[in-house]
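What follows is a set of notes on a single structure, which appears directly below.
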Amino acid sequence: MAISTGVSPSALRGGIDSINSRHHQLGLRVFMFIVVAHWAEHLVQAYQIYVMGWPIPEARGVLGVPFPWLVTSEWMHYGYALVMMVFLFLLRPGFTGSSATWWKTSLGLQVWHHLEHLLLLAQVLAGAHLLGKAAPTSLIQLIAPRVELHLFYNTLVTVPMVVAMYLHTRANRPDNAAARCACAPKD
């Protein structure tokens with residue numbers, strides 16, 4: 001028995017085509033808003049820990065102060081990792097040349113980041129933690145603390161994404177000649 005989503009494959013292809021042509025710039029802007037908001041959370045949390053001297057459980061970023069459950073929710077962290085991966089995947093066809101290479105690098109790194117969050121979520125759902133640890137633990141978290149690790153992961157994903165967007169939006173780059181969007185101004 002097939003489950004119907006109510007969206008035809010041709011409509012889905014049309015939507016993906018649209019977000020990578022006439023709506024690519026808007027898609028990138030929405031995505032960057034999400035990325036910057038997420039970075040703000042991580043940077044505020046790091047500031048709370050390293051500048052203000054708050055203990056890690058109390059350093060919850062901006063939204064985590066009024067809504068502490070957000071910081072401890074593996075569902076929320078997993079959801080963000082999934083949203084990042086989906087946006088990187090959906091916006092990928094709009095990139096050409098070297099900007100596409102940088103974008104695909106960011107996507108590949110996010111796939112790993114997503115898998116780490118999936119492992120954390122699976123531990124919460126199973127009620128059993130990796131190697132008997134006291135809390136859900138990702139693979140790389142076995143050698144690096146979680147706060148620093150997530151700053152590192154977000155940097156690894158964001159740097160090639162920003163390079164891709166920079167290259168993609170430069171006018172008159174030969175790489176952008178094949179782009180179907182208006183992200184790079186034409187002279």
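All of the numbers you see were taken from the coordinates with simple rules; none came from a lab. Because the structure is predicted, anything quoted here is derived from the model rather than measured. Note: ideal-geometry Cβ built from the backbone for every residue, glycine included; neighbour counts use all protein chains shown.
Quick notes on this structure:
- Here region 140-185 and region 37-57 have alpha carbon centers that stand 23 Å from each other.
- Distances between placed amide hydrogens fall under 5 Å for T137 paired with L130, all partners being 5 or more residues away or on another chain.
- Shown for the chain are the DSSP H helices of 27 Å or more along their axis, judged by Cα atoms, with a mean Kyte-Doolittle hydropathy of at least -0.5: 24-50, 97-126, 146-168.
- For the chain, the 222 nm mean residue ellipticity estimated from helices alone, with every DSSP H stretch of n ≥ 4 adding -39500 (n - 2.57) and the total spread over all residues, rounds to -20500 deg cm²/dmol.
- Gaussian network model of the chain, springs between alpha carbon atoms under 10 Å - residue of W102, W75, W54 with greatest fluctuation: W54
- Going from the fewest other Cβ atoms within 10 Å to the most, the residues M84, M76, M165 appear in the order M76, M165, M84.
- Dipole in debye (nearest 20) - region 17-178, about Cα centre, beta carbon charges: Lys, Arg +1; Asp, Glu -1: 340 debye
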